[in-house]
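Engineer: After the structure tokens below, expect a handful of questions from me.
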Amino acid sequence: MTIRANLPAWIEIGRANIRWQYMYRFNVLMGILLTGVTIYLLTIVWRAAYGGQTEVGGIGIQQTLVYLTIANLQLYFLRPQVSGTIQERIREGQIGFDLSRPVGYPSQLIARAAGDMIGLLPMVVVSVPVALIVGELESPASFSAGLAYVVSFLLAWVIAVQLNMVIGLVSFWTLEMTGFEMMYRLIGNFATGALVPLWFMPDALRVIVQVLPFQSIAFVPVSIYVGAPATGAVWSALAVQVFWAVALVGIIQWVWERAFLRTVIQGG
Amino acid sequence: MPIIQVHHLVKEFRRPRRFGGRLGGLRTLFTQQYDTTLAVDDVSFSIDEGELIGYLGSNGAGKSTTIKMLSGILVPTGGEVRVGGLVPWEQREQNALQIGVVFGQRTQLWWDLPLEDSLRLIGKLYRVDAARYARAHERLVELLGLEPFLRTPVRQLSLGQRMRGDLAAAMLYEPRILYLDEPTVGLDIVAKERMRQFVEETNRERGTTIMLTTHDLADVERLCKRIIFIDKGRVLYDGSVTELKRRYAPWRMLEVTLAGETEDAVPPLGLPGAAIIEQGAAKLSIRFDPALIAVADLITVVIARHPVSDISIVEPDLEGVVREIVEAGEVRS
């Protein structure tokens, strides 16, 4: 009922955000440059780490390099601006308008993030050739792995948005959260497995990373792509993502209800 | 049945105590001590459908805080509110559909989008169907003269244009209630007048209930029959503008310009309810109480005694009244 009533609003918010992406062309291109540099550096480091061997711990160098290239390439599309948006709106005192809409605030944020991501998608045309030059690209391990990857990528996007939203909602308490955000970026980035594949992590660390939601953003979809999901089965890898997507809906609901009670609109 | 009912509304803000001096920042971070301020302190009133009321008070009196609670974006510390039968902060989304909000100091339009796109987005957000949208859009574009800058990004609009855009956005989905928070702040005379005309027409022709918060008493004198005056979060006065003026300034002033200059002191008038309170070179200011003496009688006496070149009657203005209330901290009965 509410979904049908709100759908046109969500689509319109998304469309506005697609257009915004192209107002900030410089940002879009800088993002690709940064991704290219990251992939290039990781390739050098991991080649050196392999020290001329073609296989370490049963994992071939080619598979590792393809993993790292894909992981960082897709991360370019999985950096939602949700928490930044929330902070900006709170700091400028504009959050009041967002809250006074007949459409729930979290759903407005998801619609924005969807618009951002869709707006970035055409950049595949630029980012894939860049990745091809600086890193290693290969087609998915199999046709079914490719299909599963698409599903897993979408789930990764959902989880990335949700996690970013939880972080952003904390601004309702702190008003300022640059430090918190930095910590999140550092831990979050590492724990996605985009810098070090989980299969190379020491057991204790890997267990920690596997119980955290971040691996769903990079490691889970990319390991499916290269045909090496952690548990060996694609469906159980997807199940982990579904679990987090559902759990985060509950977490967001819980945080949001409390955040709203804390609203202090700046100025006015 | 009133459309807005506010009953013993209280809003208390709690902030961690700030410390100055060395390591003050660190103490602020870890302190368990809070400073509390009562922004709204036991406010009660009710507003009937179709009323246009002025909600007055000085800076920090609690006006905006009240409006925020009425629009459901701030949860009160205590008290009850019903807007069109809804509790605004609990049924936030239904409430949003029946209210429009304009804040003079901010804009609800999207900074980077052309005005037209902002309006379309508002239309979708408030579930306005295509036919209704077309009708409302056409009416507002004409009434507010938006045509010349519909395609301009909001950030490039002048303040007056932007405010017109904001009014259009707030009325696009034809809400029953409109909250205007200092809508004329910073506008020039022409823009102010245009704004007032729009507010007046919206109230008169559509029957929209309007709650107007302002510092500009000219807005109130022009638009509102009833005012609610708050100071330090408390209601000091709730009633008609005429009644307030009557209590504070029952007299009028008769300003007389004499035909020639005179150095001599003018003798007292000797009339009940009238007195000369100021004498200039060619000017007399006479204060009189219309309840005690008719204007015509007074003028007859003045003209008989002095050669007069001009004469005018000055009504007391609300500004003086408000200044007096704020200084006294209470309203005379």
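Rule-based calculations on the coordinates, nothing more; no lab input. Since the model is a prediction, treat every value here as computed from it, not as a measurement. Glycine also receives a Cβ, built like all others from the backbone with ideal geometry; neighbour counts cover every protein chain displayed.
Engineer: Cα gyration tensor of the range B:15-72, axes a ≥ b ≥ c as square roots of the eigenvalues: rounded (a/c below 1.5), prolate (a/b > b/c) or oblate?
Structural biologist: Since a/c reaches 1.5 and a/b is larger than b/c, the shape of the range B:15-72 is classed as prolate.
Engineer: A follow-up question, please. Compute, for the range A:2-261, the length of the dipole vector about the Cα centre, with Cβ point charges of +1 (Lys, Arg) and -1 (Asp, Glu) only. Units Debye, rounded to 20.
Structural biologist: Result for the range A:2-261 is approximately 400 debye, rounded to the nearest 20.
Engineer: Taking the Cα centre of the protein assembly as shown as the origin and placing charges on Cβ (Lys, Arg +1; Asp, Glu -1), which of B:175, B:30, A:102 is farthest toward the positive end of the dipole?
Structural biologist: B:30
Engineer: Continuing with the same structure: Treating each Cα of chain B as an identical point scatterer and ignoring solvent, apply the Debye formula and state log10 I(q)/I(0) at q = 0.06, 0.08 Å⁻¹.
Structural biologist: The Cα Debye sum returns log10 ratios of -0.31, -0.53.
Engineer: A follow-up question, please. Using the count of nearby Cβ atoms within 10 Å as a rough guide to exposure, how do B:192, B:283 rank from fewest to most?
Structural biologist: Lowest to highest Cβ neighbour count: B:283, B:192.
Engineer: Moving to a separate point now. Nearest 500 deg cm²/dmol is fine: what mean residue ellipticity at 222 nm does the protein assembly as shown get from its DSSP H runs of n ≥ 4 alone, each adding -39,500 (n - 2.57), divided by its residue count?
Structural biologist: That calculation yields -16500 deg cm²/dmol at 222 nm.
Engineer: I've got another one for you. Between residue B:129 and residue A:204, with labels modelled 7 Å along Cα→Cβ, what's the label distance in nm to one decimal, could you check?
Structural biologist: The answer from the label model is 6.6 nm.
Engineer: What's the extension gain from residue B:277 to residue B:294 if we count 0.36 nm per residue and subtract their Cα-Cα distance?
Structural biologist: Values: separation 17, 0.36 × 17 = 6.12 nm, distance 1.83 nm.
Once the chain is fully extended between residue B:277 and residue B:294, it gains 4.3 nm.
Engineer: Whole number please: convex hull volume per residue of the Cα set in the range A:18-74, in Å³?
Structural biologist: Numbers: hull volume 3.7 nm³, N = 57.
In the range A:18-74, the Cα convex hull volume per residue is 65 Å³.
Engineer: Restricting to Cα pairs below 8 Å that are 6+ residues apart, what does the relative contact order work out to for the range A:117-268? Please round to a whole percent.
Structural biologist: Normalised by residue count, the contact order of the range A:117-268 is 36 percent.
Engineer: Among DSSP bridges having both ends in chain B, what percentage is antiparallel? Round to the nearest 5.
Structural biologist: Taking every DSSP beta bridge with both residues in chain B, the antiparallel ones total about 70 percent.
Engineer: Relative contact order for chain A using alpha-carbon pairs under 8 Å, separation at least 6, rounded to a whole percent?
Structural biologist: 27 percent
Engineer: Would you please give the FRET efficiency between residue B:138 and residue B:200, computed as 1/(1 + (r/R0)^6) with r the Cβ-Cβ distance and R0 = 30 Å, to the nearest 0.05?
Structural biologist: After rounding to 0.05, the efficiency reads 0.90.
Engineer: While we're here: Please list log₁₀ I(q)/I(0) at q = 0.21 Å⁻¹ for the range B:250-315, using the Debye equation with identical point scatterers on the alpha-carbon positions.
Structural biologist: -0.81
Engineer: Give me the tail of P(r) for the protein assembly as shown as a percent: Cα-Cα pairs with distance above 47 Å. Intermediate results must be reported in sequence, preceding the final value.
Structural biologist: Working: 61905 of 180300 pairs.
Considering the protein assembly as shown, 34 percent of its Cα-Cα pairs are separated by more than 47 Å.
Engineer: Give the residue from B:236, B:184, B:19 lying farthest towards the positive end of the charge dipole for the protein assembly as shown; charges sit on Cβ (+1 for Lys and Arg, -1 for Asp and Glu) and the dipole is referred to the Cα centre.
Structural biologist: B:19
Engineer: Which of B:245, B:124 comes first, and how do the rest follow, when ranked by fewest Cβ neighbours within 10 Å?
Structural biologist: With the fewest neighbours first, B:245, B:124 line up as B:245, B:124.
Engineer: How far is it, in nm, from the label point at residue A:150 to the one at residue A:44 when both lie 7 Å from their Cα along the line to the Cβ?
Structural biologist: Placing both labels 7 Å beyond Cα along the Cβ direction yields 3.7 nm.
Engineer: Give the calculated FRET efficiency between residue B:87 and residue B:287 to the nearest 0.05, with a Förster radius of 60 Å applied to their Cβ-Cβ distance.
Structural biologist: In this case the efficiency is close to 0.75.
Engineer: Mind listing the Cα extents of chain A along all three principal axes, in Å, largest one first?
Structural biologist: Between the extreme Cα coordinates on each principal axis of chain A lie 65, 38, 38 Å.
Engineer: Additional query: Once Lys and Arg get +1 and Asp and Glu get -1 on their Cβ, which of A:73, A:194, A:9 lies farthest toward the positive end of the dipole of chain A?
Structural biologist: It is A:9.
Engineer: For the protein assembly as shown, give me the percentage of DSSP beta bridges that are antiparallel, rounded to the nearest 5 percent.
Structural biologist: On the way: 43 of 62 bridges.
If I count the DSSP bridges inside the protein assembly as shown, around 70 percent turn out antiparallel.
Engineer: Based on alpha-carbon atoms only, what is the radius of gyration of the range B:15-155 relative to the globular estimate 2.2 N^0.38 Å?
Structural biologist: Numbers: Rg = 20.5 Å, N = 141, 2.2 N^0.38 = 14.4 Å.
Relative to the rule-of-thumb radius for its length, the range B:15-155 sits at 1.42.
Engineer: Tell me, A:95, A:59 in order of fewest to most beta-carbon neighbours within 10 Å? All intermediate terms of the calculation are to be shown ahead of the outcome.
Structural biologist: Values: A:95 23, A:59 16.
With the sparsest Cβ surroundings first, the list reads A:59, A:95.
Engineer: Determine the dipole magnitude for the protein assembly as shown: charges of +1 sit on the beta-carbon of Lys and Arg, -1 on that of Asp and Glu, nothing else is charged, the reference point is the Cα centre, and the result goes in debye to the nearest 20.
Structural biologist: Approximately 1640 debye in magnitude.
Engineer: Could you state the angle between the C-alpha long axis of helix A:2-23 and the longest principal axis of the C-alpha atoms of chain A, as a value from 0 to 90 degrees rounded to the nearest 10?
Structural biologist: Once rounded, one gets 70 degrees.
Engineer: What angle, in degrees between 0 and 90 and rounded to the nearest 10, separates the Cα long axis of helix A:82-91 from the longest principal axis of the Cα atoms of chain A?
Structural biologist: 30 degrees
Engineer: While we're on this one: Expressed in whole Å with the largest first, what are the equivalent ellipsoid semi-axes of the range B:96-249 derived from the C-alpha gyration tensor as the square root of 5 times each eigenvalue?
Structural biologist: On the way: eigenvalues 173, 55, 38 Å².
That gives 29, 17, 14 Å for the three semi-axes.
Engineer: Given 20 °C and 1.002 mPa s, how large is the Stokes-Einstein diffusion coefficient of the range A:119-194 in µm²/s, with Rh as the Kirkwood radius over Cα pairs?
Structural biologist: D, rounded to a whole number, is 140 µm²/s.
Engineer: Another question, if that's okay. So what are the three principal axis dimensions of the range B:210-331 from its Cα atoms, in whole Å, longest to shortest?
Structural biologist: Ordered largest first, the range B:210-331 gives principal extents of 51, 26, 25 Å.
Engineer: Something else now. Return a whole-number percent for the relative contact order of the range B:171-300, with Cα pairs under 8 Å and 6 or more residues apart as the contact set.
Structural biologist: 16 percent
Engineer: So what does log10 I(q)/I(0) come out to for the range B:92-186 at q = 0.15 Å⁻¹, using the Debye formula with one equal point on every Cα and no solvent?
Structural biologist: The computed values of log10 I(q)/I(0) come out as -0.52.
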